[in-house]
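Sharing a structure with you now.
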Amino acid sequence: MYYGSDNVIWSVPIIHNTYPIIHSPCPILHLCMRQYQIPQFITVEDRVVGPLTVKQALFLAAGVMVIIGMNMIFSRGLTVFLSITVVVPLTLALAFLKWHDQPFYLVFKNGITYSLRPRVFLWKRQPAQKKSSKGRALDRPTATPSLPRLSESKLTDLAWSLDIKEPDRGK
């Protein structure tokens, strides 16, 4: 058993069996190679308020505060209607719902940023046109770079000269 940096359990192979270092015949290896605890379950959030995580408790508290604020501003009937149709479902979804193994508040935030940001499609990009001093765009034809043209005879001469001549070495 040789685990690398993931699980620090080093062992010394003895013939066909593998024994952990603690049971190693050499006590010096046991003293030199320390064993460390590997943190496990680092993606699981701690439960702080009963069975709720800190984020879940904050989302629920924010939902309650929004309902109290709406009760102060709107009439009782409108507050009850908005609470039942908008605030309570959104609060519960933000606190508890997961969408494709991601919390709903991240999906909600990503949806809002996607809908608000400008769409830039670089593959449809038009070159910027320069404007004259009067505000009209100048139309300049784009110059294509001219490539040297080789006739077949020049090409064969060039290939022959490259094959025959040796490069100068140190002269």
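The values are calculated or read from the model by the stated rules, or taken from the named source; none is laboratory data. Note that the coordinates shown come from a computational prediction; the quantities given were computed from them, not determined experimentally. Cβ: placed from backbone, ideal geometry, glycine included. Neighbour counts: every protein chain shown.
Taking the residues in the range 62-83 that are of a type in the set (G, A, S) and in a helix (DSSP H, G or I) as candidates, determine which candidate is surrounded by the fewest Cβ atoms within 10 Å (Cβ to Cβ).
Filtering the range 62-83 for residues of a type in the set (G, A, S) gives 62-63, 69, 75, 77, 83.
Now restrict to residues that are in a helix (DSSP H, G or I): 62-63, 69, 77, 83.
Working: A62: 14, G63: 19, G69: 12, G77: 8, S83: 18.
Once the filter is applied, the top-ranked residue is G77.
Does the range 55-89 hold any residues that are in contact (Cβ under 8 Å) with a residue 24 or more places away in the chain and over 23 Å from F104 (Cβ atoms), and which are they?
Within the range 55-89, no residue meets the criteria.
Something else about it: Has the range 4-20 got at least one residue that is modelled with pLDDT of 85 or more, under 32 Å from the mean Cα position of the chain (by Cα) and surrounded by 10 or more Cβ atoms within 10 Å (Cβ to Cβ)?
No; the residues of the range 4-20 include none that is modelled with pLDDT of 85 or more, under 32 Å from the mean Cα position of the chain (by Cα) and surrounded by 10 or more Cβ atoms within 10 Å (Cβ to Cβ).
Here are some residues: L116, L78, L94. Which one is of a type outside the set (V, I, T) and over 30 Å from T43 (Cβ atoms)? Outline the logic, then answer.
Values: L116 fails: over 30 Å from T43 (Cβ atoms); L94 fails: over 30 Å from T43 (Cβ atoms).
L78 is the lone residue from the list that is of a type outside the set (V, I, T) and over 30 Å from T43 (Cβ atoms).
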